[in-house]
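Only one structure is covered here, and it is reproduced in the block below.
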Amino acid sequence: MKVIKVTFALVAFAMAVTLTLTAKTPDPTPPSRAPPSKPAATARVSRFLQAKEKNPRAADHCKKDNDACQEGGRNSTCCNNKCLDLQYDDKNCGSCKKKCAFTEKCCGGECVLLAYDKRHCGACDKKCKLCLYGTCEYA
């Protein structure tokens, strides 16, 4: 029992010496209470605020004016304040807000099943005699 007490005392003494030697001494000068300085303003402008060319895929904002949608040779119609091609847009197929089903595709302004339609087999305007699973003459 006496051996355990002596061992414990030696370990405690070694820890105290180690802590004393490794502890940092306080800095005699107090830290400065001045507020941190602000970084100097740069001449760079945010990429969101920079003037850029108009995105060709962005909405045209036609405001119910179909003539505004005819610029650039596109065959577009004004729907929901955007210029859209009603012949091939799945969310506006043939007329504004006419959605095609998940399995259908808009071809020529009508919703068709590409898997079984003889006039649009696998892709728009691809004709064949027998269309199964989007492949002509499947077998």
Subject >> Residue count for region 97-139, restricted to those that are part of a loop (DSSP other than H, G, I, E, B), of a type outside the set (D, E) and open to solvent by less than 60 Å² (accessible area, probe 1.4 Å) >> reply: 13
**OP:** Under 8 Å between Cβ atoms, at least 6 apart or on separate chains: pull out the pairs that start in region 116-137 with a residue that is more than 17 Å from T103 (Cα to Cα) and end on any residue that is of a type in the set (S, T, Y) and exposed (fewer than 15 other Cβ atoms within 10 Å of the Cβ).
**Re:** L130/Y138
Original post:
Do we have any residue at all in region 55-63 that's surrounded by 14 or more Cβ atoms within 10 Å (Cβ to Cβ) and at pLDDT below 70?
Top reply: yes
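Which of the residues that make up region 93-110 are among the basic types (K, R) and either closer than 19 Å to K126 by Cα or touching a Pro at 6+ places or on another chain (Cβ under 9 Å) (or both)?
K105 - this is the single residue of region 93-110 that is among the basic types (K, R) and either closer than 19 Å to K126 by Cα or touching a Pro at 6+ places or on another chain (Cβ under 9 Å) (or both).
The values are calculated or read from the model by the stated rules, or taken from the named source; none is laboratory data. Remember, it's a predicted structure, so these values are computed and weren't measured experimentally. Because the Cβ atoms are built from the backbone with ideal geometry, glycine has one as well, and the counts that use them run over all protein chains shown. For accessibility, only protein heavy atoms count, side chains too; no ligands or nucleic acids. Shrake-Rupley method; radii C 1.70, N 1.55, O 1.52, S 1.80 Å.
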